[in-house]
Amino acid sequence: MSDGRLPAGLIIEAPWPEGEAAAWATAEERAAAAAFGSERRRREYLTWRALVRRELGRDVHIAYDAVGAPVLENRPEHLSVSHCDGRVAVCLSLRRCAVDIEPVTRNFGRVLSRYMTPEEQALADDPLLPAAVWCAKETLYKYAGRRELDLLRDLRITEADLAAGCLAGRIAGGAPVAMRLLCRDGYLATFIL
């Protein structure tokens, strides 16, 4: 993606100022945001809702499914959301989708053995591999749409060509799932669109 544009259906932005994002939120969402203890969390929560409504219209109703994932009520689009310090990522698609985003500076070394198998560690010698695998497994988890999947046992990354921005994985031994990887402005995102 040398032209700097994101793929259609993927939105990545810095969190908006709280007041600007709140203008796109419902009264219930503003009340929910007010209960968060940190301004950062309020801004992330309100920003992803603002991004969805900016793209689809102010009348979009956002709810949660039985697993706790956000869904759009009475709309054909599927939704996936991720946020970290400094960025909010949203996927919107007519098919099931998923996204995860992390800063490339996050230290995954402390928890590597809890989410990466030796086979996954051998996929590449790129220093971004631990972050890419973490994001890819989070993306697969969201894409699966069910709870209690183990990062080591049930979610496996089978291919990682970080230079080309391509990954593949499996959910509980199922069919391969292709993912894309995007690294820019100090953040790494994996997504399925």
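The values are calculated or read from the model by the stated rules, or taken from the named source; none is laboratory data. Remember, it's a predicted structure, so these values are computed and weren't measured experimentally. Positions of Cβ are generated from backbone atoms using ideal geometry, with glycine treated the same way; all protein chains shown enter the neighbour counts.
Miscellaneous remarks
- Candidates A144, A168, A164, A89, filtered to the one that is out of contact with any Lys or Arg (no Cβ under 8 Å at 6 or more places or on another chain) and exposed (fewer than 14 other Cβ atoms within 10 Å of the Cβ): A164
- Test: residue in the stretch 149-158 that is among the hydrophobic types (A, V, I, L, M, F, W, C) and under 21 Å from I12 (Cβ atoms): no
- D150 vs. criteria over 17 Å from the mean Cα position of the chain (by Cα), modelled with pLDDT of 95 or more and loosely packed, with under 13 Cβ neighbours inside 10 Å: yes
- Breaking point among (1) surrounded by fewer than 19 Cβ atoms within 10 Å (Cβ to Cβ); (2) of a type in the set (V, I, T); (3) within 25 Å of R184 (Cα to Cα), for T26: (3)
- Of all the numbered requirements in (1) out of contact with any Leu (no Cβ under 9 Å at 6 or more places or on another chain); (2) under 19 Å from Y187 (Cα atoms), E148 misses one, and that requirement is (2).
- Residues (in contact with a strand residue (DSSP E or B) (Cβ under 7 Å, 6 or more places away or on another chain) and either outside the structural domain of Y143 (by TED's automatic domain parsing) or in contact (Cβ under 8 Å) with a residue 60 or more places away in the chain (or both)) located in the stretch 167-193: R180, L182, G186, Y187, L188, A189, T190, F191, I192, L193
- Selection status of A164, under 30 Å from E55 (Cβ atoms), part of a helix (DSSP H, G or I) and not assigned by TED's automatic domain parsing to the domain that holds S82: no
- Any hit, the stretch 93-113, residues being in a strand (DSSP E or B) and either over 28 Å from S38 (Cα atoms) or aromatic (F, W, Y) (or both): yes
- Residue-level analysis places E159 outside the set of residues that are over 24 Å from R40 (Cβ atoms) and at pLDDT below 95.
- Residue match in the stretch 109-117 (condition: touching a strand residue (DSSP E or B) at 6+ places or on another chain (Cβ under 6 Å) and either crowded, with 22+ Cβ neighbours inside 10 Å or at pLDDT below 95 (or both)): no
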